[in-house]
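Everything on this sheet refers to the single structure shown next.
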Amino acid sequence: MRYAFFPGCSLESTAWDFARSTQAVCQALGIEVEEIPGWVCCGSTPAHGTSASLALALPVFNLQKARAMGRPVLTACASCYARLRTANHAVRHDPKEKQRAARITNQPYDGSVEVHHILDVLVNHLGLDVVRAAVKRRLSGLKVACYYGCLLTRPPEVVAFDDAEHPTAMDRLVAALGAEPIDWPYKTECCGASLSMTHADIVSRLSHRLVAMARCAGAACIAVACPLCQVNLDMRQADARKNHGELPETPVFYITQLVGLALGLSPEQLGLNALSVRPDGLLEQLPMPVVSQQGMENCSCCCDAAAEEPRNRSRGTVPIFAAGGRENGTVPFGRAGGSR
Amino acid sequence: MTEVLQWNDGALVREVERLSGTAVSACFQCHKCSTGCPIGPDMDLLSSQIMRLVHLGAEQDVLESQAIWLCASCEACTTRCPQGIDIAAVMDALRMLAVERKAALPDAHGEQFNRSFLSSVRHHGRVFELGMMAAYKLRSGDVFSDVDKVPQMLGKGKLSFWPRRSNVKQVRDMFRRAQQEDEPA
Ligand code: SF4
Ligand code: SF4
């Protein structure tokens, strides 16, 4: 499998760990990725809120470069993914948009380059059986809240590799690693995305709600597939705690970091030191049995033992918000009798 | 509101439909978009109210609202609207109209951020985060928020001191041609 990699601006800066772990995981799984030479910013949210022409042309320019490489595009950033797919969708379905894109980029483009997200590639192109067989250290006993955020599954006519309201790709991937995806209701709720820069107070409220709900549902950590989700839940977690009350320290991994850990890659190869909430304590608690025989699934030797393992399940309260963002009472989190 | 009704000639709804490419007039006020909106509690107008005000031609109320700048473009509304209206695209269109018609922006931070971000892209081809953040802070006067995060981000290698440039000339040409395309005929 060969892809043209579109990292995007975030993966060069705030999310370099997402870039590193994506490339490390692809290499370990035999997925060949080559960065698109001379790629430019996809325009992200500011472009589509400012100029429809720019929001179309910037992604198309990158897709034209990928077409010259003759490979489908692989992205990791959910926002770049949505922008590239949206531009493709417009060019394919509207001849006027196709002409407009050609006028601005000075080159024709027919929408023929396919664009895939790393999650789609791991789960649907490579397949979970291949991932499962490559696992060297099962993440047994790790309870993960899979957080898809907004742009990975929406709008469904444009992205469409999973259900828009109840996606499961990441949950299935996490299960294939031997970890336990938990059921929770905020999988696709928005974290506030780029409001992070302009309205940190709103993002703080939303991220508190998300992390609190994940803990409430029994997760010990969160997995994300978007640089904005990661910053808002991880780097802003301390602010969320300060502004909205008690919240246990909850590591927020890129999904590729979890995959890498299970594949036996080192924390350095996965950029784990870039996380604000340190995951060391959590990872030390895990038995992480080394898989000697390939393809062992639900083996009774380690999975059951992991389930018995006493765990520090956090307990506390989740604030409920009423209209206007006011706090309006609390509900307890952590299952009754959870900490044995 | 009666006053608005009398004056309404449908110009606003037509303009918003042209810019957004979606049928705002099909909205039958079920409020499904508003109930699922994550930012709803912080908005002065809910998305369904904005749809109605556009029908009514209440240009000032809509373009001067905070809500159009608070929308995070999460597309929950667009995904769920039973009438298939792309509400997130309507929000984009209203932001563009608000800038074009110089509506007093009660919440100009969104607009200032967009300008800072795009100017970074125009100059370097890619976003230069540190420069973009500085430009935004100067524009918005919101100098002190998040300064505590900068050392942490520098320490973790999340911010670079230098822009990484790419295809600057071609990007600049695209910005120029895009602006020509956007000019009303
Ligand atoms: S969901 Fe659609 S039809 Fe219902 S109020 Fe919102 S825009 Fe109107
Ligand atoms: S796209 Fe905007 S208006 Fe629609 S649900 Fe998301 S934040 Fe609310």
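The values are calculated or read from the model by the stated rules, or taken from the named source; none is laboratory data. Note that the structure is predicted; figures quoted are calculated from it, not measured. Backbone-built Cβ (ideal geometry, glycine too); neighbour counts: all protein chains shown.
Among all residue pairs at least 6 apart or on different chains, which show Cβ distances below 8 Å where the first residue, located in the range B:56-74, is touching a residue at least 40 places away in the same chain (Cβ under 8 Å) and the second is among the acidic types (Asp, Glu)?
B:Gly57/B:Asp9; B:Ser65/B:Asp44; B:Gln66/B:Asp44; B:Gln66/B:Asp107; B:Trp69/B:Asp107; B:Trp69/B:Glu111; B:Leu70/B:Asp42; B:Leu70/B:Asp107
Looking for whichever is charged (D, E, K, R), more than 21 Å from A:Leu58 (Cα to Cα) and in the same structural domain as B:Asp61 (by TED's automatic domain parsing) here; the options are B:Arg139, B:Arg80. Which one fits?
Values: B:Arg139 fails: in the same structural domain as B:Asp61 (by TED's automatic domain parsing).
Of the residues listed, the single one that is charged (D, E, K, R), more than 21 Å from A:Leu58 (Cα to Cα) and in the same structural domain as B:Asp61 (by TED's automatic domain parsing) is B:Arg80.
Quick one: count up the residues across the range B:100-120 that are under 22 Å from B:Phe175 (Cβ atoms), within 17 Å of the chain's Cα centre (by Cα) and facing chain A (nearest Cβ under 9 Å).
Result for the range B:100-120: 9.
Looking at (1) buried (at least 20 other Cβ atoms within 10 Å of the Cβ); (2) away from chain A (no Cβ under 13 Å); (3) more than 10 Å from ligand 2 (Cβ to nearest atom), can you tell me which one B:Ile50 breaks?
(3)
Name every residue in the range B:125-147 that is in contact (Cβ under 8 Å) with a residue 24 or more places away in the chain and of a type in the set (Lys, Arg), in order of residue number.
B:Arg126, B:Arg139
Do we find a residue being over 18 Å from A:Ser51 (Cβ atoms) and free of Cβ contacts under 8 Å to residues at least 12 places away in the same chain anywhere in the range B:166-176? Spell out the reasoning first.
First pass over the range B:166-176, keeping only residues over 18 Å from A:Ser51 (Cβ atoms): B:166-169.
Remaining after also requiring free of Cβ contacts under 8 Å to residues at least 12 places away in the same chain: B:169.
The answer is yes; a qualifying residue exists.
Does B:Gly21 fit the bill of being away from ligand 1 (no atom under 12 Å from the Cβ), within 13 Å of chain A (Cβ to nearest Cβ) and surrounded by fewer than 20 Cβ atoms within 10 Å (Cβ to Cβ)?
Details: away from ligand 1 (no atom under 12 Å from the Cβ): yes; within 13 Å of chain A (Cβ to nearest Cβ): yes; surrounded by fewer than 20 Cβ atoms within 10 Å (Cβ to Cβ): yes.
Against the criterion (away from ligand 1 (no atom under 12 Å from the Cβ), within 13 Å of chain A (Cβ to nearest Cβ) and surrounded by fewer than 20 Cβ atoms within 10 Å (Cβ to Cβ)), B:Gly21 qualifies.
Select, from B:Gly131, B:Gly125, the only residue that is over 10 Å from the mean Cα position of the chain (by Cα), at pLDDT 85 or above and under 24 Å from A:Glu12 (Cα atoms).
B:Gly125
For the range B:59-85, how many residues are within 16 Å of ligand 1 (Cβ to nearest atom) and surrounded by fewer than 21 Cβ atoms within 10 Å (Cβ to Cβ)?
Residues that pass the stated criteria total 4.
Within the range B:19-33, track down each residue that is within 13 Å of ligand 2 (Cβ to nearest atom) and without any contact (Cβ under 8 Å) to a residue 40 or more places away in the chain.
Matches in the range B:19-33: B:His31 only.
Going residue by residue through the range A:95-116, is there one that turns out to be hydroxyl-bearing (Ser, Thr, Tyr) and under 21 Å from A:Ala193 (Cβ atoms)?
Step one: filter the range A:95-116 for residues hydroxyl-bearing (Ser, Thr, Tyr), giving A:105, A:109, A:112.
Applying the additional criterion that residues be under 21 Å from A:Ala193 (Cβ atoms) yields none.
Taking every residue of the range A:95-116 in turn, none turns out to be hydroxyl-bearing (Ser, Thr, Tyr) and under 21 Å from A:Ala193 (Cβ atoms).
Could you please give the count of residues in the range A:19-47 that are crowded, with 24+ Cβ neighbours inside 10 Å, touching a Pro at 6+ places or on another chain (Cβ under 6 Å) and farther than 26 Å from B:Ala178 by Cβ?
Here the count works out to 0.
As an exercise: evaluate A:Ala57 against (1) crowded, with 24+ Cβ neighbours inside 10 Å; (2) closer than 19 Å to A:Pro155 by Cα; (3) touching a residue at least 40 places away in the same chain (Cβ under 8 Å) and give the number of the one condition it does not meet.
Just one mismatch for A:Ala57, condition (2).
Checking A:Leu122 against (1) touching a strand residue (DSSP E or B) at 6+ places or on another chain (Cβ under 6 Å); (2) crowded, with 24+ Cβ neighbours inside 10 Å; (3) within 18 Å of A:Tyr254 (Cβ to Cβ): exactly one of these is not met. Which one?
Unmet for A:Leu122, out of (1) touching a strand residue (DSSP E or B) at 6+ places or on another chain (Cβ under 6 Å); (2) crowded, with 24+ Cβ neighbours inside 10 Å; (3) within 18 Å of A:Tyr254 (Cβ to Cβ): (1).
Would you confirm, using the coordinates I've provided, whether B:Gly84 is at the interface with another protein chain (Cβ under 10 Å from one of its Cβ atoms) and near ligand 2 (Cβ under 9 Å from one of its atoms)? Steps first, please.
Details: at the interface with another protein chain (Cβ under 10 Å from one of its Cβ atoms): yes; near ligand 2 (Cβ under 9 Å from one of its atoms): no.
Judged against the criteria, B:Gly84 is not a match.
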